[in-house]
Each structure stands twice: as structure tokens, then as C-alpha cells.
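The structure under discussion appears below in the form of C-alpha cells.
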Amino acid sequence: MFPIFSVSDAFRRAVGEMLESAGYGPHETAWDRVAHPDFRLRRYAQSAANPSSALIVPAPIKRAYIFDLLPDVSVVRRLIQAGSAVYLYEWPEEQDGKSDLESSIRSLSLAAEMIATEHRGPSILVGHSLGGTLAAITSAIEPHLVSKLVLVEAPLKFGEQTGALGPIVLSSPTAPLGAVPGSLLDLASVVAAPEEFVIGRYSDSCTSLLDPEALAIHVAVIRWSLDEFAPSGQLIRDVIQLLYREDRSRAQRASFAWAGCPIRLAGQNTCRGNCRSCKPSGPILVRFRSVEEPFDIFV
């Protein structure tokens, strides 16, 4: 249904492969595959002395190696150095339209449960973009599996509280059941936030020109940004309809509160000095309100 965007996906991947051939591809840490019928996980080298575990959940429209892009800027390596057993969730790249929001959350929950069982305790859950949204919902449903939740650019407000993407997703036509080209989703992001996705990128390029190390990192990130794959059309349909339009995650969001700064994520901020505008530097701690299984969130 989207032949132009499918061609764009192929062209972008070809450009990315050219950059990788020029030496700007990822330099990943050694890993092995965890065999399971319901999910795909990368498991990185770990010792028997690992006291904790971490599960990284990337966005389901780009490949996961952004978290292990280069040795000097690798989230995976930093977590390993901190003593964690590290796992990286991989979304299926060959979608047949059967993967939806419910099955995605269920698979993520099963992966977190397997890790918690193996390491005899809850994990740190790190989520990016839509992957972070799904990680947050999973954490709200299965709080006993999560010790800390780290969210990177993950939308948590939907319905009337939707940010820049609101006008696009609320007026968009119904997505097809087949795979949705990554280029189409990338275009939606550019239209919603051109300062971040266009102006910011060129600004970073100019800033990096006189620093070879910074330029190498920047080009490697560009190479990753071109490495898109088409997620399930049913998953995108569910995200648009159930999250953005119907705001089905409202019940889960009501369980979150800024530490020291109670906030209803679907309502008004009653700030007491710890909100993002008051404390813009450093991570912001959010505490999950659960009598039995409390955990912390950093966003």
C-alpha cells in the first residue's frame, strides 16, 4: 500500500550499507542468542557473579545496535562494566501482520520473567521511544519483574495530552494490516518535530566537523538511523487507536508519580520542585506506586 516508502526504505538501507563499508558501521560487543519461541533476546558475556540484570528494549522500527554502537558510547558495555548481566530485546524484522500491541507486551513480559527467574530477582528495564512505552506498560502490569525503569524519549501521554505527534496520529487514516515502511514513520516524526529530527541533526553535523572522534560517532548514528525495517501494521494500528486515540494506558499511567512531586500524567503537574522544568539537569526519578512491588523510574 506504500510502494514509495518501501522503495525509500530500500534506498536508505543502501546508503547505510555504503557508510558501513566506509567504516562507519557498528562495533558490537560479543553476544549469543537466547532460544525461545515467543521472543528474541541477545545475551551478552556475563559472569556467575553478576548480582543484577538489565533488559534493554529498543524502538520496534529500527535495529537494536544503537545501544551497542561503538565501544566508547556503548550502553551495553557500560552496564556490563557496572556489573549487570545484560540482555537486548530484538523485535522481529520480518513481520507478517500478526504481531499486535497485546502480543508485543506479552512477549516482553515473558522475556522479563525468564531473566528474573534466571537471575533470581527483578531487572533494570531500559526502553527507548515506542519500546520505552511498551516497557513502561509491561512494568505497570508486572511490577515484580522490574527493579528500575529507564525511559529514553518514550511517550507516556496520549489522548488529549499527546504532544507533537498528536495532530498527525489523531488525523491519520487506519494503517494497513501488512508491514508499515519505516520511512513512513520516520516522515511522521520529522513532520511532528522538525527541530529535533532535521535541524538538530544538521546542527550536530556542523558541531562535529572539527572533532574527528565526534564526527565518527555522528556518522555511525546516521548510519543506524538509515537502518530501518517495517514493523507490523497491526502493531501500528493498535498504537494509534488504543494508545493515542483511546488512551487505553491511562490506568497504567495513573500508577506513576514524580518522586517528591506528585503528578497525574494525564492531568496537571502539581510541581514541588523536582519536575523537569525545575531540575533540567540529570535524570529525573519517578516512583512507581505499588504497595507490594515498588520500583524507580529514571526519565
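A simple count of charges around residue 43, restricted to other residues whose Cβ falls under 14 Å of its Cβ and scoring Lys, Arg +1 and Asp, Glu -1, yields -2.
For the range 20-136, what class follows from the C-alpha gyration tensor (a ≥ b ≥ c being the square roots of its eigenvalues): rounded when a/c is under 1.5, otherwise prolate if a/b is larger than b/c, else oblate? Judged from the Cα gyration tensor, the range 20-136 comes out oblate (a/c at least 1.5, b/c at or above a/b). When only Cα pairs under 8 Å and 6 or more residues apart are kept, what is the percent relative contact order across the range 14-77? This gives 34 percent for the range 14-77.
The 1.4 Å probe gives accessible areas that order 151, 187, 156, largest first, as 187, 156, 151. Along the range 114-128 the Karplus relation, 6.51 cos²θ - 1.76 cosθ + 1.60 evaluated at θ = phi - 60°, assigns HN-Hα couplings of 4, 5, 4, 5, 5, 9, 6, x, x, 10, 7, 10, 10, x, 10 Hz to successive residues, with x for each Gly and Pro.
Packing, taken as the mean count of other beta carbons within 10 Å per residue, orders the peptides 214-224, 107-117, 130-140 from highest to lowest as 130-140, 107-117, 214-224.
Contact order for the range 30-150, expressed relative to its length and based on alpha carbon pairs under 8 Å spaced 6+ residues apart, stands at 30 percent. Between the listed residues 24, 8, 53, the Cα displaced farthest toward the positive end of the dipole of the range 1-134, a dipole computed from Cβ unit charges relative to the Cα centre, is found at 53.
Only Lys, Arg, Asp and Glu carry charge here, each on its Cβ (+1 for the first two, -1 for the last two); on that basis the range 59-159 has a dipole of about 360 debye about its Cα centre.
Determine the shape class of the range 86-151: with a ≥ b ≥ c the square roots of the Cα gyration tensor eigenvalues, call it rounded for a/c under 1.5, and otherwise prolate if a/b is greater than b/c, oblate otherwise. It comes out prolate by the Cα gyration axes.
Karplus-derived 3J(HN,Hα) values for the range 79-87, using 6.51 cos²θ - 1.76 cosθ + 1.60 with θ = phi - 60°, are 5, 5, 4, 7, x, 9, 7, 10, 10 Hz; glycine and proline are entered as x.
Near residue 150, the amide H atoms lying under 5 Å from its own belong to 125, 126, 127, 298; only residues 5 or more places off or on other chains count, and H is placed 1.01 Å from N.
The values are calculated or read from the model by the stated rules, or taken from the named source; none is laboratory data. Small disclaimer: the values here were computed from a predicted structure and weren't measured. In this analysis, Cβ positions are derived from the backbone assuming ideal geometry, glycine residues included, and neighbour counts consider all displayed protein chains. In case anyone asks, the SASA skips ligands and DNA or RNA and just uses the protein heavy atoms, side chains included. Shrake-Rupley method; radii C 1.70, N 1.55, O 1.52, S 1.80 Å.
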